[in-house]
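Each reported figure results from applying straightforward, stated rules to the coordinates on display, with no laboratory input. Nothing here was measured: the structure is a model prediction, and the numbers come from that model. Positions of Cβ are generated from backbone atoms using ideal geometry, with glycine treated the same way; all protein chains shown enter the neighbour counts.
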Amino acid sequence: MRPVNGVLPLLISARDKGYTKFILPRANAEEAAYIGGTQVFAANNLIEVIDHLSDLAPIAPVAHKTYSPHAAARESVFDMAYVKGQPAAKRAVEIAVAGSHNILLIGPPGTGKTMLARCLPTIMPDMTFEEALEVTKIHSVAGLLHGRGVVSQRPFRTPHHTASTVSICGGGNRFIKPGEISLAHNGVLFLDEMPEYNRSALEALRQPLEDGVITITRVGGAVEYPANFMLCASMNPCPCGNYGSADKPCTCTPAQIHKYRAKISGPLLDRIDIQVEVDSVKYDDLAGDALEESSAEVKKRVEEARYIQRERFAKSDIFTNADMGEREMKKLCPLDKECDDILRMSFAALKLSARARSRIVKVARTIADLAGEEKIKPEHIFEAVSYRKYDKFI
Ligand SMILES: [Zn+2]
């Protein structure tokens, strides 16, 4: 009996319909071990199945396993402690994860944008069993479990910039496969050098970024896959990469820079809450032996901020500040006159869109949560506005 894909969702839905006993190919037994309320028997061949059913040689049921986020998690080779310097970028990354905000890292090549992105899963809260099951189901359907029981680490997906819209969003002819955005569900989708991706693939991200799901329609019908991921993207400030650099001259013409940045459309940029510049690392930071904060320390603060959000949204189906709609924002993020004035001024000066305004308020809410403040204060608004400086260039 050969292993098959998608055992986990099949088993869960069969269990919910009242079935309790299952015979599975041995290679699928591991992923079934985490589902409560079932008895699973693992067989190597049909003779074993017949002997089991005719009571000649009953198979012992697979032992149940309990989920623990650390048990199966491999140690990450990435850690914030290895990122030298970059205090501003690190701060932005922490805020992004704390409120589950999408983030764009802008900087010349070789400044460690990829390294920072790789650290994101190391400061995210551990997945709950429900979250882990959702991720495992998708990976099971895609045939990516490779004998693993349950995916306990938050996914980090990095599709190449030549990837097609189908491979990013999902699709296929005979069987509608989940795309990278669904494989990144409950984790991070990292687009390295975002302007290099094909335009239609980028534009296709807009709907799932808003809804957290993707609906793929084919002749045979429609399939909906979860796609609630955190988007992290990186880009150079210009085609040569040196625009704004203190020591290397930029050789691009203004028209080239404009064309390069225009590859990311306004509506897509509007859905990215935080834009931050990652500068060249200063020599003293590289050579110095100053101890950088570890991912574990940052994660503690993130978890505290997430706790505040869980309390705030306890009576709704929202989990993080980034998920808030206009209605929740009006109710839960009131701004006093001073904050509103700052926002009004920034709005005019940066020519922000209405959507960008909401992003700023949500990010300010997260900054206030990290500070343990009940009310959004002017400094929170100022900092949130500072993460939108690319809007006026694109
Ligand atoms: Zn340049």
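At a glance:
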| item | result |
| --- | --- |
| Amide H contacts under 5 Å for L191, placed H, 5+ residues apart | C232, A233, S234 |
| Using alpha-carbon coordinates, inclination of helix 129-141 to the longest axis of the chain, degrees | 70 degrees |
| Linear extension gain, R327 paired with L350, 0.36 nm per residue minus alpha-carbon span | 5.8 nm |
| DSSP beta bridge pairing in the chain, given as percent antiparallel to the nearest 5 | 30 percent |
| ³J(HN,Hα), Karplus 6.51/-1.76/1.60, whole Hz, each residue of the stretch 346-357, x for Gly, Pro | 4, 4, 6, 5, 9, 6, 7, 8, 4, 5, 4, 4 |
| Computed FRET value (nearest 0.05) for D317 with I12, which takes r as the C-beta separation and R₀ as 35 Å | 0.95 |
| Mean ellipticity per residue at 222 nm, deg cm²/dmol - from DSSP H runs of n ≥ 4 across the chain, formula -39500 (n - 2.57) | -11500 deg cm²/dmol |
| Charge tally in the Cβ shell below 12 Å around S386, where Lys, Arg are +1 and Asp, Glu are -1, S386 excluded | -1 |
| Relative contact order (percent, whole number), the chain, Cα cutoff 8 Å, 6+ residue spacing | 18 percent |
| Whole-Hz couplings from phi, Karplus 6.51/-1.76/1.60, listed for the stretch 116-127; x for Gly and Pro | 4, 4, 4, 7, 3, x, 6, 10, 7, x, 4, 6 |
| Most mobile listed residue (I50, I35, I342) in the chain, GNM with C-alpha springs under 10 Å | I50 |
| Residues whose placed amide H lies under 5 Å from that of L24, excluding near-sequence neighbours | F41, A42, A43 |
| Relative contact order (percent, whole number), the stretch 7-53, Cα cutoff 8 Å, 6+ residue spacing | 38 percent |
| Per-residue ³J(HN,Hα) for the stretch 4-14, Karplus 6.51 cos²θ - 1.76 cosθ + 1.60, θ = phi - 60°, Hz, x for Gly and Pro | 10, 7, x, 4, 4, x, 4, 5, 5, 6, 5 |
| Residues whose placed amide H lies under 5 Å from that of F156, excluding near-sequence neighbours | V188 |
| Most fluctuating residue given options A32, A246, A81, as computed from a GNM of the chain linking Cα atoms under 10 Å | A246 |
